[in-house]
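The structure under discussion appears below in the form of structure tokens.
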Amino acid sequence: MSAQSKTFPHPNPPPRAGEGDERAARQSPSLPPRAGEEPAPEALLIGGARRADGGGLERIEWMKIRQDFPILQRKVHGKPLVYLDSANTSQKPRQVIEAVDAFYREHNANVSRAVHQLGEEATALYEGARTRLAAFIGANHRDEIVLTSGTTMATNLVAYSYLLPRLKPGDAVLVTAMEHHADIVPWQLICKSTGAHLKVAPINEAGELIVDKFIEALTPEVKFAGVVHVSNVLGTVNPVKELARECRKRGIPLLVDGSQAAPHLPLDVKSIGCDFYCVTGHKMCGPTGTGALWARRELLEAMPPFFGGGEMIKTVSFEGTTFADSPRRFEAGTPNIAGFAGLVAAIDYLSGIGMANVAAREHELLEYATPRLQAIPGMRIFGSAPGKAAVVSFLVDGVHAHDLATLLDQEGVAVRSGHHCAHPLMQFYGVAATCRASLAFWNTEAEIDAFVDAIGRVRKLLA
Ligand code: PLP
């Protein structure tokens, strides 16, 4: 049976007016449900993804959790798959796959339009994703969550709805040198049409943001800042709380790109103190085409719609349109409903394991992998910030990143090669591309050994 219960109503129907905050808070994995209410996410999980007694890391049966991921059973080029590309997209546990399947088999309908039973069920699932996401990232209220197709959609929404009306010639947007293109290009487009410009806060060779320089760069012409929480290339975890505090002192809104943080760290946007936070579902065990923008409520309420169409209106006539309240006025058209049903299951799944446990296990795997990789002759690892996430970008002397990734694939090992949508970062290091191995909590030490051995064989082959 799937995490997505076979019996409807869905365990997480949308709250009625006024109950969103309280419900979101109660869905926090650390809080038990009240008697007679929906089960906590843990209770929805099937398989090994649970703590035996709410205890520590050693109590989690990671090998059992691994069995939740059907794709890990497959072979590639006749070899067992070693998937080290979770930063690109995560694999999906069967609870998520079954939730998507159950949506189409049992609940398929459009959202917010039909009064019939299936329409209500589909709406409950979709709105359930909003409630789950709010609890997962520590939002104050579910209405602070705009459901999007991912981070790219979220940053573009902020660029066009929030920033475009506010920027003037001479203004600036501050980013860091380690941003993903999703946190560069939307601001560049807006700068181009307003006469504003981009400023870049530098990093050091270890791949750490130079915080003093970031703060120094927060000059009066800066009207907005964007910072990645966890770098998809370096694994660096930026001190977003401190950066948010400095931005707030100067009245500069800060967007944090949490694409690589949400799958790996416990989150609390309230305590970070930023103004916008973006997540993307497909990196957090959920389906592609799902994600969210979190924004402080007063900011969302002041933002005009970006996309127009169905679902986002109150009234339409040929004389004019009135718009739905936020966040729905940003959700024009039919969304990826099945995807959001899957995202509910993904969040329940991760919450059931506990994000502190996920972070600790991935750290353990990184600690295992790093010295073994460093011992390979000619190995160059990019990014050595203390406390970095389990992402290792690397090059081996004399071997092109794409050749290395292609030959590793022949060994069953999936790593990404290329610029990782971070051209400026590649320029900083003076390389065109790197290979990147990104770990997830279900990876094993044996897989890391297989990966290291495979690099050794590739080196010999090319020698
Ligand atoms: N930001 C970071 C740091 C990422 O790693 C990614 C995806 O690789 C994105 C943004 C874009 O996410 P999506 O393509 O899911 O919108």
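The values are calculated or read from the model by the stated rules, or taken from the named source; none is laboratory data. Just so it is clear, the model here is predicted, and its values are computed rather than measured. Don't worry about glycine lacking a Cβ; one is built from the backbone with ideal geometry, like all the others, and counts go over all protein chains shown. SASA here: full protein model, heavy atoms, side chains in, ligands and nucleic acids out. Shrake-Rupley method; radii C 1.70, N 1.55, O 1.52, S 1.80 Å.
Just a few scattered comments:
- The length gained on full extension between K213 and K64, counted as 0.36 nm times the residue separation minus their Cα-Cα distance, comes to 49.1 nm.
- Rounded if a/c under 1.5, otherwise prolate or oblate - the stretch 355-462, Cα gyration tensor axes: oblate
- Full-stretch length increase - L164, T89 - with 0.36 nm per residue and alpha-carbon distance subtracted: 24.0 nm
- Extension gain, H141 to L299, is 55.5 nm, computed as 0.36 nm per intervening residue step minus the present C-alpha separation.
- Based on the reciprocal of the average 1/r between different C-alpha atoms, the Kirkwood radius for the stretch 219-326 equals 15.8 Å.
- Taking the accessible area of the stretch 264-390, probe 1.4 Å, and keeping the other protein chains in place, the carbon and sulfur fraction comes to 56%.
- The chymotrypsin sites (Phe, Trp or Tyr not before Pro) found in the stretch 299-370 that occupy coil by DSSP, while having at most 16 further C-beta atoms within 10 Å, are F307, F318.
- Modelled spin-label separation between V185 and V431, with each label point placed 7 Å from Cα along the Cα-to-Cβ direction: 2.3 nm.
- In terms of packing, defined here as the mean over residues of other Cβ atoms within 10 angstrom, the peptides 292-301, 106-115, 267-276, 232-241 line up highest first as 232-241, 292-301, 267-276, 106-115.
- Formal net charge of residues neighbouring V396 (Cβ-Cβ distance under 11 Å; K, R +1; D, E -1): 0
- Helix-only CD estimate at 222 nm, as mean residue ellipticity for the chain, using -39500 (n - 2.57) per DSSP H run (n ≥ 4): -10000 deg cm²/dmol
- 3J(HN,Hα) along the stretch 265-282: 10, x, 10, 8, 4, 4, 6, 5, x, 7, 9, 9, 9, 10, 9, 10, x, 6 Hz, from the Karplus curve 6.51 cos²θ - 1.76 cosθ + 1.60 with θ = phi - 60°, whole Hz, x for Gly and Pro.
- With every protein chain in place, the stretch 58-215: carbon and sulfur % of accessible area (1.4 Å): 54 percent
- Accessible surface, per residue, of the stretch 355-462 when the full set of protein chains is kept, probe 1.4 Å, Å²: 39 Å²
- Kyte-Doolittle at least 1.0, axis length at least 15 Å by Cα - qualifying DSSP helices, the chain: 337-353
- Here the spin labels are modelled as points 7 Å beyond Cα on the Cα-Cβ line, and at E221 and D325 they lie 4.1 nm apart.
- With K and R counted +1 and D and E -1, the other residues having a Cβ less than 9 Å from that of T155 yield a net charge of -2.
- Label-point gap, in nm, between D268 and N204 - each point 7 angstrom along Cα→Cβ: 2.9 nm
- Among 179-187, 163-171, sorting by the average number of other beta carbon atoms lying within 10 angstrom of each residue, highest first, gives 179-187, 163-171.
- Whole-number D in µm²/s for the chain (Stokes-Einstein; Kirkwood sum over Cα pairs; 10 °C, 1.306 mPa s): 69 µm²/s
- Three-way shape label, the stretch 135-263, alpha-carbon gyration tensor, a/c 1.5: rounded
- Within the straight-line cut-off of under 26 Å between alpha carbons, the lysines reachable from K199 are K168, K213, K223, K241, K249, K388, sequence neighbours fewer than 8 places apart in one chain being disregarded.
- Remark: relative contact order (the chain) = 21 percent; criterion is Cα-Cα distance under 8 angstrom and separation of 6 or more residues.
- Beta bridges from DSSP with both residues in the chain: antiparallel share about 60 percent, rounded to the nearest 5.
- Beta bridges from DSSP with both residues in the stretch 128-351: antiparallel share about 50 percent, rounded to the nearest 5.
- Test item: Cα-centred dipole of the chain, Lys/Arg +1 and Asp/Glu -1 on Cβ, debye: 280 debye
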